[in-house]
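Single-structure report; data block below.
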Amino acid sequence: MFGLKADWSLEVFERYFTLGDYAGGEARWCPGCGDHGVLTAAQRVLRDEQLHPELTVAVSGIGCSSRMPHYLGTYGFHGLHGRALPLACGIKSRRPDLDVWVATGDGDCFSIGTAHWIHALRYNMDMTLMVFDNSIYGLTKAQTSPTSPIGFKTNTHPFGAIIAPLNPLTVTLGITNISFVAQTVDWNPPMLYETLKAAHRHKGTGFVRIIQRCPVYADSLAKELQGDPSRFLLLNHEKGIQIDKSASRQFPNQQEHDPSDLANAFKLAADTSRIPLGLLYWNPDAPCYEDLSSAGVEMTPHARLAGFNAALDRLTI
Amino acid sequence: MTTTKKETQVERETATASAVGRVAETVDEHIVEIVSDSGEGAQKAGQTFGTVCAKMGNGVWTVEIIPAEIQPPARSPAGASGIRIRLASNYVTNMGDEADVVVAFNEQVLYSRIANGAYKKGTAVLLEDKWRDDAVPEIREKYAKAVAEFKDNGLIVHELPIEKACLEITPNPRRGKNMFVLGMLCQIYSRDIGKARDEIATTFRRKGDKVIGMNQQLFDAGCRFAEEHIDFCYEVPPQAGQEEQKQRFIVTNGNTAVGLGVMASGMELVSMYPITPATSASHYLADAYHQVGGFVHQAEDEIAAIGFAIGSSYAGKTACTITSGPGLALKTEMVGLAVMAEIPLVIVVVQRGGPSTGLPTKVEQGDLLAALYGEPGDAPKVVIAAATIEECLHFVIMSRRLAEAFRTPVILLTDANLATGVQPFPRPEPTIDWLAPPIDQSEWDENIPPYNWDPETGLSPRPVPGMPGGEYILTGLAHTSESKVAYDSDSNQRGCNMRSRKFAALASTLKPPQVHGDPDGDLLVVGWGSTMGAIEEAIDRAQAQEHKVSSVHLRFLSPMEPGLKEIFRRFRKVMTVEINYSDDPQAPLINDDTRRYAQLAWLLRAHTLMDIDCWSAVFGAPLQPGMIYKVLLKRLTAMNEGVDS
Ligand SMILES: Cc1ncc(C[n+]2csc(CCOP(=O)(O)OP(=O)(O)O)c2C)c(N)n1
Ligand SMILES: [Mg+2]
């Protein structure tokens with residue numbers, strides 16, 4: 001039943017949001033692009049968690065994946081290449097009431113935005129961080145990305161990428177004060193949904209690396225992975241991501257992993273023969289920077305004025 | 001010069017030398033320096049002296065002498081560290097010309113000051129004499145040679161056993177000598193001893209009573225020492241009317257003033273990355289900002305710093321970022337984003353010498369064009385410059401108001417001269433409306449687009465996250481009034497028109513700048529930023545010599561204040577005086593085709609289509625009135641000879 005609020009001059013009915021409330025412009029990604037699935041999963045989480053569109057902000061950098069805010073019905077900030085995280089952190093700093101989602105690509109986050117990736121995770125502000133990792137620069141048409149495998153042919157390395165790729169998981173796990181590190185793939189919608197939901201529910205930065213298909217510039221990479229489920233290792237634990245049968249069926253290699261075990265998380269992340277899926281690390285108690293940066297937000301103008309006069313007193317002759 | 005020895009005498013309230021039979025000579029103003037190796041506390045002594053002078057009603061300007069290196073070797077010219085204090089019976093706006101009295105802890109540091117033209121014939125040098133008998137022969141030789149040279153150059157050297165006298169009180173005079181010197185100066189300038197002792201107590205309040213007591217003891221000894229060893233004594237009367245005035249004053253440097261401006265403006269967030277000479281503004285805020293509920297975020301780099309500030313502004317909490325030239329360079333792309341997406345933001349740039357790492361601690365006005373035109377594409381914004389330390393405070397408040405009213409980033413330019421200069425100025429009387437109200441979270445009419453540009457003014461109201469119905473996607477891409485990405489010709493042209501028109505609207509609210517001096521004449525000097533005091537002092541001197549010169553000082557650089565052409569037309573010649581690079585017209589290969597102009601001159605030439613000349617220098621030092629005065633005379637002579645008019 002619709003509840004009638006006492007102060008019905010403000011809001012007569014409790015609002016119920018449908019998927020339509022989270023829909024923005026029509027998505028313009030290529031057919032078959034993994035980004036579509038991420039958008040759908042995120043919209044479902046928004047709906048199921050009944051987040052107020054006016055209190056939700058989707059922040060992104062520049063890239064194909066960074067267009068995501070345009071396709072949402074919330075507030076959005078489509079920023080600069082590599083700089084989604086400082087913008088998102090700034091939004092959260094004095095407005096901890098806002099629900100912040102970040103969409104960033106592998107180039108955006110792991111190359112041009114590297115400094116912010118490291119430091120934003122250290123700040124551990126309460127937000128959901130989705131890295132769309134297609135191992136390629138999509139928007140600018142097929143340049144090598146930090147996660148392109150060695151030998152992979154791109155427009156900047158037509159004879160194949162010449163150095164080994166960066167491992168985003170081991171790097172992330174090495175950052176102080178991380179609190180939630182997960183990995184998933186775009187082509188298993190239930191697992192993607194559960195992972196984003198868990199990242200969102202977590203208080204702190206929910207880092208999710210989404211292995212994502214680019215059918216136009218890196219089709220062979222995803223095909224190879226999709227065709228060989230033995231490459232993956234599904235992580236199970238009561239504290240981990242709750243996986244349904246489809247995922248269990250799709251990824252037969254499974255292992256129990258306690259996400260509070262950082263050493264084991266490292267081991268799993270560093271083992272390049274098996275790609276871990278699920279929650280690698282979780283620490284619900286890591287401090288969040290907005291709890292510090294928002295100090296004083298509630299101060300009244302009168303208290304501020306008194307404080308300012310006290311500061312002037314110290315300098316008065 | 002002989003030194004008279006006097007008997008020690010009883011405690012007095014004021015160090016008037018007349019009490020011991022010496023009559024204080026009354027002067028309008030004096031310039032005093034304390035120069036030492038770094039770490040000897042000269043700056044603390046000088047700041048305290050300046051504060052005592054301000055409290056006694058004098059006009060005061062103090063400026064730090066900063067060594068060229070971080071850890072310079074002891075007793076080296078490059079290591080000269082210290083402070084200059086100009087005290088006067090009228091309002092002081094700049095560091096002045098040559099010093100009258102200098103206290104030096106060793107003779108070597110004086111060389112760099114001499115090279116800077118800091119002294120004149122007759123400047124009294126109160127020199128620590130312990131080096132004369134140093135165990136190292138080389139030091140003894142250097143000392144003797146320097147003293148002889150100084151005397152030959154007309155300096156009046158008083159060799160004084162300062163350290164020896166301190167040793168009678170403390171085993172470690174390196175740490176206490178500064179307060180001893182403070183005592184000497186307070187004696188020489190007939191300062192109020194009670195005020196000085198109170199000031200010492202305030203300076204060392206965090207160190208406890210024992211330290212305060214020791215420093216006051218050294219101070220007292222310094223007073224007695226000067227009385228015994230120094231045969232001159234001055235009185236610099238307070239500014240007229242100062243005593244009766246009820247107005248209260250605060251004493252700060254320009255960076256603290258910026259910090260106070262941030263607090264007074266109601267901005268709750270400063271997001272910064274450390275860079276000289278801007279950082280001390282954030283140091284001040286880090287210590288005081290919580291009193292008004294604010295927070296200083298030290299970001300991982302300048303890009304993140306401004307990004308964080310922009311995020312906060314977007315979310316309804318207009319923020320500030322404070323930096324210097326190299327930091328501004330890194331922030332450029334973000335400034336462009338704030339322009340494109342019309343995000344209010346305050347960017348304070350405390351300019352230093354450039355390009356590249358340049359002269360980190362020294363003054364330059366080299367970032368004007370970068371502030372105006374640094375970004376790709378057309379990125380109009382507000383650029384203003386503070387001319388005084390007091391304006392550093394009030395212009396931050398103005399910046400926030402302009403940023404929000406015009407939905408724009410505002411760059412406020414100050415510089416190392418303002419940042420390190422210390423001056424008393426009227427205490428601001430803040431009211432509750434200075435501190436912005438809580439952000440508006442009321443419903444937004446869904447039919448009003450996020451950029452509902454008024455076609456006349458380009459202005460539009462701004463939805464803020466939390467407002468139901470206002471949901472929009474901000475983007476740095478070309479966009480329509482709905483904030484929809486649009487690559488078509490009309491949308492791009494319209495967006496550019498609207499973002500530019502705002503500044504014509506702002507300009508229409510500004511008044512023409514005031515001319516200092518007669519409204520017409522032979523030569524008009526145009527300045528901006530920290531040079532105002534020195535320029536106006538030079539103009540006053542030239543006017544006193546019957547020269548028809550005036551000056552005008554610009555606060556708004558974008559948009560420009562109106563009526564400039566009208567003002568300029570009334571003078572035979574117009575020139576800017578600036579601290580940035582320009583080609584000397586007499587230099588090899590320089591002619592009308594090749595000459596590069598100083599930055600304001602460049603701007604004014606484009607703005608007015610008038611043949612505006614310039615004189616500028618990049619000495620890494622503030623301009624001094626005497627220097628500008630000489631330039632004016634030269635230009636006037638050339639004009640009258642018809643060489644260059
Ligand atoms: C400062 C700057 N440098 C370069 C670019 C060009 N650029 C835009 S997106 C991009 C790479 C995008 O790759 P990724 O982050 O992996 O996102 P994807 O398109 O693959 O989703 C580049 C190099 C830019 N917009 N800005
Ligand atoms: Mg990519």
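The values are calculated or read from the model by the stated rules, or taken from the named source; none is laboratory data. All values reported here derive from a predicted model rather than from experimental measurement. Reconstructed Cβ throughout: ideal geometry from the backbone, glycine too, with neighbour counts over all protein chains shown. Areas reflect the complete protein model, heavy atoms only, side chains present, ligands, DNA and RNA absent. Shrake-Rupley method; radii C 1.70, N 1.55, O 1.52, S 1.80 Å.
When A:Leu166, A:Leu196 are screened for being at pLDDT 95 or above and in a loop (DSSP other than H, G, I, E, B), only A:Leu166 passes.
One residue stands out in segment A:34-61 among those that are farther than 19 Å from A:Thr184 by Cβ and buried (at least 24 other Cβ atoms within 10 Å of the Cβ): the one that is nearest to ligand 1 (Cβ to nearest atom), namely A:Gly61. Restricting attention to segment B:300-315, and to residues there that are more than 12 Å from A:Arg83 (Cα to Cα) and touching a Pro at 6+ places or on another chain (Cβ under 7 Å), which single residue is surrounded by the fewest Cβ atoms within 10 Å (Cβ to Cβ)? Within segment B:300-315, the match that is surrounded by the fewest Cβ atoms within 10 Å (Cβ to Cβ) is B:Ala315. Among the residues of segment A:144-165, those that are open to solvent by 40 Å² or more (accessible area, probe 1.4 Å) and either aliphatic (A, V, I, L, M) or near ligand 1 (Cβ under 9 Å from one of its atoms) (or both) comprise A:Ile150, A:Ile162, A:Ile163, A:Ala164.
Criterion first (free of Cβ contacts under 8 Å to residues at least 40 places away in the same chain, within 8 Å of chain A (Cβ to nearest Cβ) and not in a strand (DSSP E or B)) does B:Ala288 satisfy it? Taking the combined requirement at face value, the residue satisfies it.
Evaluating B:Pro450 against the criteria (1) surrounded by fewer than 19 Cβ atoms within 10 Å (Cβ to Cβ); (2) more than 23 Å from the chain's Cα centre (by Cα) leaves one unmet condition, (1). Taken over segment A:121-140, the criterion of being among the charged types (D, E, K, R) and more than 8 Å from ligand 2 (Cβ to nearest atom) is satisfied by A:Arg122, A:Asp126. Criterion applied to A:Leu233, A:Leu292 was being open to solvent by 10 Å² or more (accessible area, probe 1.4 Å), more than 11 Å from chain B (Cβ to nearest Cβ) and touching a strand residue (DSSP E or B) at 6+ places or on another chain (Cβ under 9 Å), and the one residue passing it is A:Leu233. Of the residues making up segment B:475-532, those that are within 26 Å of the chain's Cα centre (by Cα) and of a type in the set (S, T, N, Q) number 3.
Within segment B:369-406, the set of residues being buried (at least 24 other Cβ atoms within 10 Å of the Cβ) and either of a type in the set (Lys, Arg) or without any contact (Cβ under 8 Å) to a residue 12 or more places away in the chain (or both) comprises B:Lys381, B:Arg400.
Taking segment B:537-583 as the range and being surrounded by fewer than 23 Cβ atoms within 10 Å (Cβ to Cβ) and acidic (Asp, Glu) as the test, the residues that pass are B:Glu537, B:Asp540, B:Glu546, B:Glu561, B:Glu566, B:Asp583.
With respect to (1) of a type in the set (S, T, N, Q); (2) within 16 Å of the chain's Cα centre (by Cα); (3) within 9 Å of ligand 1 (Cβ to nearest atom); (4) open to solvent by 40 Å² or more (accessible area, probe 1.4 Å), the lone exception for A:Asn134 is condition (4).
Given the criteria within 9 Å of ligand 1 (Cβ to nearest atom) and among the hydrophobic types (A, V, I, L, M, F, W, C), does A:Cys89 qualify? When the stated conditions are applied, A:Cys89 does not pass them. Restricting segment A:96-129 to residues that are part of a loop (DSSP other than H, G, I, E, B) and either within 16 Å of ligand 1 (Cβ to nearest atom) or open to solvent by less than 10 Å² (accessible area, probe 1.4 Å) (or both) leaves a set whose member that is farthest from the other protein chains (Cβ to nearest Cβ) is A:Asn124. Highlighted here are the helices (runs of 4 or more DSSP H) found entirely within segment B:182-267 that include at least 3 residues which are open to solvent by less than 10 Å² (accessible area, probe 1.4 Å) and farther than 21 Å from B:Ala88 by Cα: B:209-229, B:254-265. Answer with yes or no whether A:Arg209 is of a type in the set (D, E, K, R), under 30 Å from A:Ala142 (Cβ atoms), open to solvent by 60 Å² or more (accessible area, probe 1.4 Å) and modelled with pLDDT of 95 or more. No. Here B:Ala386, B:Ala403, B:Ala370 are screened, and the one residue that is more than 26 Å from B:Val63 (Cβ to Cβ) and aliphatic (A, V, I, L, M) is B:Ala403. Filtering segment B:295-314 to residues that are outside any helix (DSSP H, G or I), of a type outside the set (A, V, I, L, M, F, W, C) and at the interface with chain A (Cβ under 7 Å from one of its Cβ atoms) leaves B:His297, B:Glu300, B:Asp301.
Among the residues of segment B:77-92, write down those that are touching a Ser or Thr at 6+ places or on another chain (Cβ under 7 Å), open to solvent by 30 Å² or more (accessible area, probe 1.4 Å) and assigned to a loop (DSSP other than H, G, I, E, B).
none
When you check A:Val185 against the structure, is it within 16 Å of ligand 1 (Cβ to nearest atom), of a type in the set (Val, Ile, Thr), within 14 Å of A:Ser246 (Cβ to Cβ) and out of contact with any His (no Cβ under 6 Å at 6 or more places or on another chain), yes or no? Yes. Is there a residue being more than 14 Å from chain B (Cβ to nearest Cβ), within 16 Å of ligand 2 (Cβ to nearest atom) and open to solvent by less than 10 Å² (accessible area, probe 1.4 Å) anywhere in segment A:166-181? So far as segment A:166-181 goes, yes, one or more of its residues are more than 14 Å from chain B (Cβ to nearest Cβ), within 16 Å of ligand 2 (Cβ to nearest atom) and open to solvent by less than 10 Å² (accessible area, probe 1.4 Å).
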